[in-house]
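Here is the structure we will look at.
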Amino acid sequence: MIYGLFPRLAASLGALLCVVIVGMGYVLLRDAEDRFEQARLSQNMVMVRALAEGSLDALVTGDFELLERWVAASSPDETYAYAFLSRPNGQIIVHTDYAMIGSYSAHVGKDRTGSAWKSIYRGRPVTEVVYPAVLGKKYLANAHIAYFM
């Protein structure tokens with residue numbers, strides 16, 4: 001069966017319109033995901049900074065019980081993978097996963113202020129943010145918080 005010019009043109013325009021709508025939807029969805037990820041990263045940067053600055057007294061006095069409470073409060077729900085404090089050499093002082101205490105972090109150094117890494121934790125992708133705990137000019141530790149993506 002042969003269709004006239006108008007039905008073929010209408011069908012072509014309809015198909016083109018569908019492709020454009022699907023394409024725009026995809027672009028808008030990706031943009032929303034990127035904005036959400038940036039907002040989560042910003043929120044976690046604030047949290048890791050609060051952990052670093054809030055734990056200064058406990059780091060100076062060696063109050064590990066208070067450090068454990070600070071770290072536990074830094075990962076309040078199931079969207080967070082872990083939080084921990086590590087010495088300048090990378091040795092983990094306190095961690096939400098007690099099995100990790102005494103091991104070493106791969107992310108060492110106060111030059112990592114506000115740094116973020118993507119990695120895998122227990123089979124799921126996470127983003128880990130790091131902030132140094134500095135009192136005056138003395139570099140005491142790094143604070144780390146990782147959240148599931």
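Would you mind putting 89-95, 3-9 in packing order, based on average other-beta-carbon counts within 10 Å, highest first?
Per-residue mean Cβ counts within 10 Å order the peptides as 89-95, 3-9.
Starting at the first residue of the range 129-141, write each ³J(HN,Hα) from the Karplus equation 6.51 cos²θ - 1.76 cosθ + 1.60 with θ = phi - 60°, in whole Hz, x for Gly and Pro.
10, 10, 9, x, 9, 10, 10, x, 10, 8, 8, 9, 6
Rounded to the nearest 500, what is the 222 nm mean residue ellipticity of the chain from helices alone, with -39500 (n - 2.57) per DSSP H run of 4+ residues and division by all residues?
After summing the helix terms and dividing by residue count, I get -15500 deg cm²/dmol.
When the Karplus curve 6.51 cos²θ - 1.76 cosθ + 1.60 is applied with θ = phi - 60°, which whole-Hz ³J(HN,Hα) does each residue of the range 23-31 get, with x for Gly and Pro?
x, 5, x, 4, 4, 5, 5, 4, 5
Over the chain, what is the mean sequence separation of C-alpha contacts under 8 Å (at least six apart), divided by residue count, expressed as relative contact order in percent?
The normalised contact order for the chain reaches 22 percent.
Could you report the accessible area of Thr61 in Å², rounded to 10, computed with a 1.4 Å probe on the protein chains as they sit in the structure?
Surface open to solvent at Thr61 totals about 110 Å².
For the range 115-122, take each phi angle, set θ = phi - 60°, evaluate the Karplus expression 6.51 cos²θ - 1.76 cosθ + 1.60, and give the result in whole Hz per residue in order, putting x for glycine and proline.
With coefficients 6.51, -1.76 and 1.60, one gets 6, 9, 10, 9, 8, 10, 9, 6 Hz.
For the range 3-145, just the Cα set please: Rg and Dmax, both in angstrom.
Rg and Dmax of the range 3-145, Cα atoms, are 23.4, 86 Å.
Given 0.36 nm per residue, what is the gain on full extension from Ala106 to Val22 after removing their alpha carbon distance, in nm?
Gain on extension, Ala106 to Val22, equals 26.0 nm.
Taking 0.36 nm per residue of separation and subtracting the Cα-Cα distance, what length does fully extending Gln38 through Thr61 add?
4.7 nm
Given H placed 1.01 Å from N in the peptide plane, which residues other than close sequence neighbours of Ser105 have an amide H under 5 Å from its amide H?
Answer set, sorted by chain and number: Gln91, Ile92.
For Asp63, enumerate residues with amide H under 5 Å from its amide H, sequence gap 5+ or separate chain, H modeled in the peptide plane.
none
Please calculate the 1.4 Å probe accessible area of Ser105, with all protein chains present, and give it to the nearest 10 Å².
20 Å²
The values are calculated or read from the model by the stated rules, or taken from the named source; none is laboratory data. Nothing here was measured: the structure is a model prediction, and the numbers come from that model. Note: ideal-geometry Cβ built from the backbone for every residue, glycine included; neighbour counts use all protein chains shown. Note: accessible area is taken over every heavy atom of the protein model, side chains too, but ligands, DNA and RNA are not part of it. Shrake-Rupley method; radii C 1.70, N 1.55, O 1.52, S 1.80 Å.
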